[in-house]
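The values are calculated or read from the model by the stated rules, or taken from the named source; none is laboratory data. Worth saying up front: this structure is predicted, and the values here are computed from it rather than measured. Every residue, glycine as well, gets a Cβ built from its backbone with ideal geometry; the counts of neighbours run over all protein chains shown. Side chains included, ligands, DNA and RNA excluded: accessible areas come from the protein's heavy atoms. Shrake-Rupley method; radii C 1.70, N 1.55, O 1.52, S 1.80 Å.
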Amino acid sequence: MPSNPIQDLAPINSVSADVIFASEATSSPRPDTTSSEQCTLERPCEGDMTWFEAGLGACGMTSDGYTQNVVALAPSLIGTKANDNPYCNRTIMITCITTGRTTSAIVADKCEGCEGFSLDLSIAAFLNLADLSVGRTKASWYFI
């Protein structure tokens with residue numbers, strides 16, 4: 001039976017990293033779903049960062065959001081396709097613009113309330129970047 005990357009995922013400790021940020025926009029840009037060059041190290045995406053209690057996600061896997069770093073992408077980016085979505089199981093590197101802390105997470109869900117390049121992070125992933133009481137802050141991120 002193939003290995004499930006979410007089950008095999010060990011918690012990732014936050015690290016500091018020097019990341020080049022795109023200029024901060026006043027509104028969430030609409031993702032260009034036709035470009036393979038969006039959200040890269042050279043061209044990171046920016047948006048709001050929130051947290052959620054992970055469980056069974058749109059990618060068809062169940063994750064423990066208290067111990068696993070998983071993330072949900074906005075519908076405008078991930079689209080309507082679930083389970084075998086090309087974004088599912090991809091790893092992204094996320095930097096909290098406010099704290100400068102960085103962590104990685106695996107795409108496991110869709111964030112229905114997110115717009116543009118905003119992300120919803122599992123509790124474990126969010127805690128690597130900021131305190132839960134922050135609730136919402138800005139992040140820069142890219143696929144690795």
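In region 73-97, the qualifying residues are those that are in contact (Cβ under 8 Å) with a residue 40 or more places away in the chain and touching a Gly at 6+ places or on another chain (Cβ under 7 Å), and the one that is surrounded by the most Cβ atoms within 10 Å (Cβ to Cβ) is 74. Within region 45-64, restricting attention to residues that are over 18 Å from residue 118 (Cα atoms) and not in a strand (DSSP E or B), the residue that is most open to solvent (accessible area, probe 1.4 Å) is 64.
Selection over region 115-135 of residues that are surrounded by 19 or more Cβ atoms within 10 Å (Cβ to Cβ), in a loop (DSSP other than H, G, I, E, B) and more than 11 Å from the chain's Cα centre (by Cα) gives a count of 1.
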